[in-house]
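Presented below is the structure to which this report refers.
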Amino acid sequence: MRERLVVGNWKMNPPTIADAVSLARAVARAHHGAVSVAVAPPFVAIPAVADALAGSDIAVYAQDVHWEERGAYTSQIAASMLRGLAVGSIVGHSEVRRDLGDDDGRVAKKVLRALAADLRVVLCVGESEDEFEHDETDAVLERQVRAVVRSVGSSQGRLIIAYEPIWAIGTGRPATAEHAAKAAAKIRNVLRDEGLAAEDIRVLYGGSVSSITVGDFAGARGIDGALVGGASLKADEFAAIVHAFG
Ligand code: PEP
């Protein structure tokens, strides 16, 4: 039985570290359930948020890590620097692929580095609008998942995959539950084909999940939780999403 998980991706929000701490406290106050919950604040807010959430059931994730451990990589954060602060990291988010030039090769290196540092990884995969319209979702998922999971081996217990169709992120236009379930099945086929224990690896859905749309995904076959952007910035809204998966 896979434990359900809801992760709030705060992106470049909220505006101050004090606001991040308030949000973290509100998320912890609103959480009373069996579902695993995590928040991913911006790097600068991670220490304060980790401190605010110490002793709670809410885990802290980073939004990215670098693929190297040390060196001349201005602005970057090594996976090992998160030790004691975060238990995991998002990797391969489409906004990082878009804005910072991450490709499948870099994402694969980042995932391996994060796993080697004992972090959990939420690996984001998903097709663009154009690829969706040309019925290329399966081909994109096959490429993105295969590129990464090949060398994951015994760390697979800490790997989580988030199916995030790019056209659904922040648009208020989520995928249908049927499309998400098909994508989850495709992802597990690739995992199985690569020799991983696909039935044990959690697959989340992300893309305009809200308290209104979450019911569809909470009931979708093969979907074990959500990666939530905009709606994770309001504690009550986020709590309603978490509750739907409980
Ligand atoms: C995301 O960026 O991971 C995301 C799912 O965003 P939103 O929920 O705002 O669509």
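Observations
- Residues of segment 113-123 that turn out to be within 16 Å of the ligand (Cβ to nearest atom) and out of contact with any Lys or Arg (no Cβ under 8 Å at 6 or more places or on another chain), as a count: 2
- All positions within segment 145-163 that are of a type in the set (S, T, N, Q) and open to solvent by 50 Å² or more (accessible area, probe 1.4 Å): 151, 154
- Considering residues of segment 52-74 that are open to solvent by 60 Å² or more (accessible area, probe 1.4 Å) and in contact (Cβ under 8 Å) with a residue 24 or more places away in the chain only, the residue nearest to the ligand (Cβ to nearest atom): 57
- Only a single item in (1) surrounded by 15 or more Cβ atoms within 10 Å (Cβ to Cβ); (2) under 25 Å from residue 36 (Cα atoms) is not met by residue 131, and it is number (2).
- Per the conditions (1) closer than 18 Å to residue 91 by Cα; (2) free of Cβ contacts under 8 Å to residues at least 60 places away in the same chain; (3) under 17 Å from the mean Cα position of the chain (by Cα), the sole criterion not satisfied by residue 167 is (1).
- Within segment 171-195, the set of residues being part of a loop (DSSP other than H, G, I, E, B), touching a helix residue (DSSP H, G or I) at 6+ places or on another chain (Cβ under 6 Å) and within 16 Å of the ligand (Cβ to nearest atom) comprises 174, 175.
- Only one of 46, 17, 77 that is in contact with a strand residue (DSSP E or B) (Cβ under 8 Å, 6 or more places away or on another chain) and surrounded by fewer than 18 Cβ atoms within 10 Å (Cβ to Cβ): 77
- Residue list for segment 121-134, restricted to those being without any contact (Cβ under 8 Å) to a residue 60 or more places away in the chain and under 12 Å from residue 159 (Cβ atoms): 121, 123
- When residue 90 is tested against (1) in a helix (DSSP H, G or I); (2) under 18 Å from residue 241 (Cβ atoms), just one condition goes unmet, and that condition is (1).
- For segment 196-217, the candidate set comprises residues that are away from the ligand (no atom under 15 Å from the Cβ) and small (Gly, Ala, Ser); within that set, the residue that is nearest to residue 242 (Cα to Cα) is 215.
- Subset of segment 14-52 (residues that are farther than 24 Å from residue 78 by Cα and either outside any loop (DSSP other than H, G, I, E, B) or in contact with a Cys (Cβ under 6 Å, 6 or more places away or on another chain) (or both)): 18, 19, 22, 23, 25, 26, 27, 28, 29, 30, 36
- Residues located in segment 52-65, provided they are within 14 Å of residue 123 (Cα to Cα) and not aromatic (Phe, Trp, Tyr): 62, 63, 64, 65
- For residue 116, the requirement of being touching a residue at least 24 places away in the same chain (Cβ under 8 Å) and either surrounded by 14 or more Cβ atoms within 10 Å (Cβ to Cβ) or within 16 Å of the chain's Cα centre (by Cα) (or both) is not met.
- Residue check for residue 222: touching a residue at least 60 places away in the same chain (Cβ under 8 Å) and either within 15 Å of the ligand (Cβ to nearest atom) or closer than 25 Å to residue 61 by Cα (or both): no
- Exactly one residue among 166, 187 is open to solvent by 50 Å² or more (accessible area, probe 1.4 Å), among the β-branched types (Val, Ile, Thr) and closer than 24 Å to residue 132 by Cβ, and that residue is 166.
The values are calculated or read from the model by the stated rules, or taken from the named source; none is laboratory data. Note that the structure is a prediction, hence the values are computed from the model and not measured. Virtual Cβ from ideal backbone geometry, glycine too; neighbours counted across all protein chains shown. Note: accessible area is taken over every heavy atom of the protein model, side chains too, but ligands, DNA and RNA are not part of it. Shrake-Rupley method; radii C 1.70, N 1.55, O 1.52, S 1.80 Å.
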